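First the structure, in the form of C-alpha cells, and then the observations on it.
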Amino acid sequence: MRGHSSQPAAAECLGAMRVVVILPEVSRTLNEYLLVPNLTTEDCTPDNVDLSAPVVRHPVGGTSPLRIAVPLVSAIMQAVSSPRLAIALAQTGGLSFIHQNQTVEAQAESVSAVKRHKAGFRHSDINTKPSATLGEVSRLLKAAERDVAVVTDDGSSGGLFIGLISTADFHPHRHDLNDTVESRMRPASGLVTAPPTISLSDANTLIWDHRLDLLPIVTADGHLASIVLRRDYELHKQFRNESIDGDKRFRVGAGINTRDYRDRIPALVEAGADVLCIDSSDGYSVWQQKTLLYAASEFNGAVPVGAGNVVDGRGFRYLADAGAAFVKVGIGGGSICITRDQKGIGRGQASALIDVVAERDRYADETGSYVPICCDGGLLADYHMAIALALGADFIMLGRYFARFDESPSNLVNLDGQMFKEYWGEGSQRARNVARYDQGETELPFEEGVDGYVPYAGSLYPNIARTVAKLRATMVSCGAVTLPDFHRDATLVQVSQQSYEQNGAEVRLRSGSGGSGQ
C-alpha cells in the first residue's frame, strides 16, 4: 500500500540561477480515495477491534509511554479545547490540547483544572453563592441544562462547601425569585459528603445507598474538592478506557509556541501537562528546532513535545531529528484555514500523509525510533478519518468536529431557527494569535483563518461513540483489528469524478435518517 516518497532532491544551481522544483504529482485530498475491502475473518468483529494508538515516540517494537484508546485528539484552538471538553474527551479515551493563545497563568490553570480530576470525579462547573438570588440560580441551571448547583461561600469550584440547591428545592412560580439561595438550599450539615481519599467504587456505593444524584467531595478544612454524579456511573461503565495517568487523573495536553516557550513549558509541566505540542501552521523551521532542543536539555527528555505542521518527508525528518515526540501533518486543509488561499502554501492531505508516512517508516528503520504521525486537517466526514488512518496516520486532530459539541467553549446561537456553535480559526483576526502566525507585526496584517459557525451536534459522548462504531466497522471490512494491521494491509483506490457523481445522486431522506455524523 505504501507509496514511494515524492521527496525532491536538493535544488540544482546553474551559476546564479536556481531551478524551481516541481513535484511530479497531483496534490490529493482524503476525499479522493476509497478503501477496498479485504477478507473479513471470524476474528474480525467490532468487539475485537483495538483502536489504541501511540501518541509519543518509542523504540520500534516497544510500547509508547503515552497511548490513547481512541485515536482522536482535539485541536489547539480557543473555540475547541476547554477543560470541560478535555475531561469529556479523556473519559472517552481521547486527548485534548489546551490552547496557548492565552496567558501562561491562564493556560496552566486550565491544565490544572483537568488534572485535578480523577476518573469518575468531576470538577464542579455549576456553582453559586448563598447570597445569589433564586432567579440567578434558576437561569444558571437552565443555561447549563442541569438540575443541581453546588453552593460555596464565594461561588467558586474550590470554595467552602455550604450546601446544594436543585430544581426540586424551589419553583419559579411558587417562590419569590428575589429570595436568596440560602433560603431554599439544603445546608451542608444535613448532606452526605465524602473525603478526597475515597475510592470511586466507595463513592458510587454512597450514591446508591443514599439515593443521591450528586456526592460532594469535601476536604478536611471544608473546601469543595470535586463531585461525583450518579449519571456518570453508566458513563464510566460505558467508557472503560479513559485516558488516565498513574494516579488515575485525566491526561491532558497543551499547546506552546516558539516565542515564550522558556516561560510556558516549565509552567505547563508544573501544572501537570502530560504532553505538549508546538502550535504552528508551518513547522519546518529552525524556531521549532530550538524549542524542541530547549525542552530536551532543560527536562532531560522527560517532557514529550510534538511539533509541526509539515507536509513532506523533509519537514518530518527535520523535526524528528530535533527530538519531536510526534509530528503533525497538514497545511491549509482545515475547514477554517485559508493558508492556501492567502499564501499559496500547502498540500493535499492525502499526498502529505503518503509522503510523511514513507519518511516515518524509513526513519524508524534507520534509527530504531518510531515517531507517531498526527493527521491535522482535511477531515470533513467520519470516513475521512478511516482513510487517514489507513494511509498511516497514528492519530487524528480535529477542530470543527469537536467545536459542534456542548462541551466546547464557544457560544450556542440560533440562526434562522437552526442551532449553531461559533467557530473561528487561530489564524483569524478574532483569535489574534500573533504568537502562532508570525507575520513580523504585533497585529495580523492578513488572516490565515476565518470566523464562522458550525451546526450544533449535541453532546460529545454519543457522537464519539458513533464515530468509533464507524471506524470499527470500516476496519472489520478491511480485515484489520488493530491500527498497525490497518496501516500494513489497507488497500485504497482513487475515486473518479464519475464515482462522485454516482454517490451524489439526489434522494430525499426521511427525517432523522442518514448523515455523516458531522
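On the beta carbon distance between N178 and A465, with R0 = 41 Å, the FRET formula returns roughly 0.40. Compared with the direct C-alpha span, the chain from T103 to N241 gains 46.5 nm at full extension, assuming 0.36 nm per residue. Phi-derived couplings, Karplus 6.51 cos²θ - 1.76 cosθ + 1.60 at θ = phi - 60°, listed residue by residue for the stretch 157-164: 6, x, x, 5, 6, 9, x, 10 Hz, with x used for Gly and Pro.
The calculated FRET efficiency for the pair D154 and L34, based on their C-beta separation and a Förster distance of 51 Å, comes to about 0.35. Dividing the C-alpha radius of gyration of the stretch 90-151 by 2.2 N^0.38 Å, with N its residue count, gives 1.41. Shape class for the stretch 345-393: prolate, because the ratio a/c of the largest to smallest gyration tensor axis (alpha-carbon atoms, square roots of eigenvalues) is 1.5 or more and a/b beats b/c. Taking a point 7 Å from the Cα of Y233 along the Cα-to-Cβ direction, the residues of the stretch 119-140 with backbone N closer than 15 Å to it are 120-121. For Y294 and V192, the FRET efficiency from 1/(1 + (r/R0)^6), where r spans their Cβ atoms and R0 equals 56 Å, is about 0.70. Each label point was placed 7 Å from the Cα along the Cα-to-Cβ direction; for T45 and L206 their separation is 4.0 nm. Label 7 Å along Cα→Cβ of M419; the stretch 134-150 residues with amide nitrogen under 15 Å? Flagged as within label range: 142-146.
For the listed peptides 186-199, 107-120, a ranking on the average number of other beta carbons within 10 Å per residue, highest first, reads 107-120, 186-199. Annotation: amide H-H contacts under 5 Å for V495 (H modelled 1.01 Å from N, sequence separation of 5 or more, or interchain): Y33, L34.
Rule-based calculations on the coordinates, nothing more; no lab input. Keep in mind it's a predicted model, so treat the numbers as computed, not measured. When we count neighbours, we look across all protein chains shown, and the Cβ atoms used for this are built from the backbone with ideal geometry, even at glycine.
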